[in-house]
């Protein structure tokens with residue numbers, strides 16, 4: 001945890017900005033000082049809720065006295081624009097997923113931050129769960145032996161009203177895609193963090209349960225990792241569930257198998273067990289009553305996941321280090337998802353990643 005006190009402003013006043021504000025106000029080393037939205041009334045309502053200054057003029061917001069960090073919770077396809085303005089004003093940046101909607105736009109974002117000498121951190125909160133750290137340690141220690149398979153599943157539900165609630169939702173230019181880019185990117189990033197880079201992918205997808213949008217609500221991708229392992233990604237917002245189906249990742253090797261459901265382990269089956277395994281399952285094992293955070297209702301996400309991500313970024317800033325999710329790390333999931341889209345648009349052709 002950083003020792004400095006940071007004055008933070010938020011770009012955006014929608015649902016995700018609420019999580020940003022709640023996380024920031026739970027941290028002793030941050031002060032939420034300002035919020036920006038294009039609509040002044042929306043900015044005013046948000047500012048009244050979280051007791052900060054309200055702006056509908058971006059330049060005035062950026063010049064708010066003493067503000068040194070900006071979090072970005074605006075529409076995905078304008079992240080580059082907002083990052084550019086903030087970076088050129090010398091503000092450090094923590095940007096919501098996806099960093100941008102194409103690898104090229106992420107590259108521009110990284111470049112403008114490097115040139116301005118400011119920090120760029122992405123937001124992938126699932127990386128900062130205790131269970132994720134345990135999973136990563138087990139894999140790095142080789143306890144699963146030779147890893148051969150990885151199943152990643154995000155079988156979520158979004159209503160038609162969800163897509164109808166904003167003109168940007170379900171568009172290529174502003175949303176960047178559908179179930180893959182908007183909802184599943186968190187678990188896809190987790191897959192990459194645990195498994196390493198993907199060598200190639202082939203995929204199928206389409207629009208099955210919604211109308212009036214440009215993008216997919218269901219897709220399946222077969223991936224080959226650089227390590228030689230294979231995997232499958234299932235991503236959807238067309239899988240109805242009243243309580244929500246949790247996101248899951250299941251990794252299998254020739255000496256073990258572990259499945260993580262959201263942030264709990266549902267399978268922990270290792271050829272060579274040790275004395276710590278029982279304690280891990282007692283503390284981080286799946287409870288039968290658990291449902292998926294955000295699976296059916298995007299407002300159900302716990303802000304504490306964001307808080308851990310913010311704490312990592314600000315601690316890195318305090319120590320002049322690189323945050324765990326810098327621009328390069330944030331780019332990886334965008335690159336893979338865009339490769340999946342390319343495969344879908346070309347009838348499942350195999351796409352090789354650089």
Exercise. Considering only 122, 177, 212, give the residue with the highest GNM mean-square fluctuation for the chain, with springs between Cα atoms whenever their separation is below 10 Å.
Key: 212
Exercise. For a footprinting-style exposure proxy, rank 27, 260, 15, 195 by other Cβ within 10 Å, fewest first.
Key: 15, 27, 195, 260
Quiz prompt | Alpha-carbon spread of segment 1-66, three principal axes, descending order, Å | solution = 35, 24, 16
Quiz item: Pick from 247, 141, 37: which residue has the top mean-square fluctuation in a GNM of the chain where Cα pairs under 10 Å get a spring?
Solution: 141
Quiz item: Helix 327-345 versus the longest principal axis of the chain: what is the Cα-based angle in degrees, 0 to 90, to the nearest 10?
Solution: 60
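For the chain, give me the percentage of DSSP beta bridges that are antiparallel, rounded to the nearest 5 percent.
Details: 36 of 64 bridges.
Beta bridges within the chain, antiparallel portion: roughly 55 percent.
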Quiz item: Put a dot 7 Å past each Cα toward the Cβ at residue 321 and residue 230; how far apart are the dots in nm?
Solution: 3.9
Quiz item: For the Cα atoms of the chain, what angle does the longest principal axis make with the long axis of helix 15-25, in degrees from 0 to 90, nearest 10?
Solution: 80
Quiz item: Roughly how many Å is it from the Cα centre of segment 99-156 to that of segment 256-288, as a whole number?
Solution: 22
Practice problem: Please find, in a Gaussian network model of the chain (springs between Cα atoms separated by less than 10 Å), the residue of 77, 176, 253 whose mean-square fluctuation is greatest. | Solution: 253
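For a test of the definition: using alpha carbon positions, the gyration tensor, and the 1.5 limit on a/c, classify segment 304-345 as rounded, prolate or oblate.
Values: a/c = 7.44, a/b = 2.45, b/c = 3.03.
Cα axes put segment 304-345 in the oblate bin.
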Quiz item: In which sequence would 236, 121, 84 go, from the one with the fewest C-beta neighbours within 10 Å to the one with the most?
Solution: 84, 236, 121
Quiz item: Between segment 46-78 and segment 307-322, how many Å separate their Cα centres?
Solution: 20
Quiz prompt | Paired Rg and Dmax values of segment 55-140, which use every Cα atom, in angstrom | solution = 15.0, 49
Exercise. Return the calculated 222 nm mean residue ellipticity for the chain, to the nearest 500 deg cm²/dmol, obtained by summing -39500 (n - 2.57) across DSSP H runs with n ≥ 4 and dividing by the residue count.
Key: -10500 deg cm²/dmol
Practice problem: Find the relative contact order for the chain and round it to a whole percent, using C-alpha pairs within less than 8 Å whose residues are 6+ positions apart. | Solution: 20
Quiz item: Shape of segment 44-96 from its Cα gyration tensor (a ≥ b ≥ c, root eigenvalues): rounded if a/c is under 1.5, otherwise prolate when a/b > b/c, or oblate?
Solution: oblate
Quiz prompt | For segment 95-245, the Rg and Dmax computed from alpha carbons only, in angstrom | solution = 16.9, 48
Exercise. For the chain, find the longest principal axis of its Cα atoms and tell me its angle to the long axis of helix 79-88, 0 to 90°, nearest 10.
Key: 50
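No value in this document is a laboratory result; all are computed from the given coordinates. None of these values were measured; they are calculated from a predicted model. When we count neighbours, we look across all protein chains shown, and the Cβ atoms used for this are built from the backbone with ideal geometry, even at glycine.
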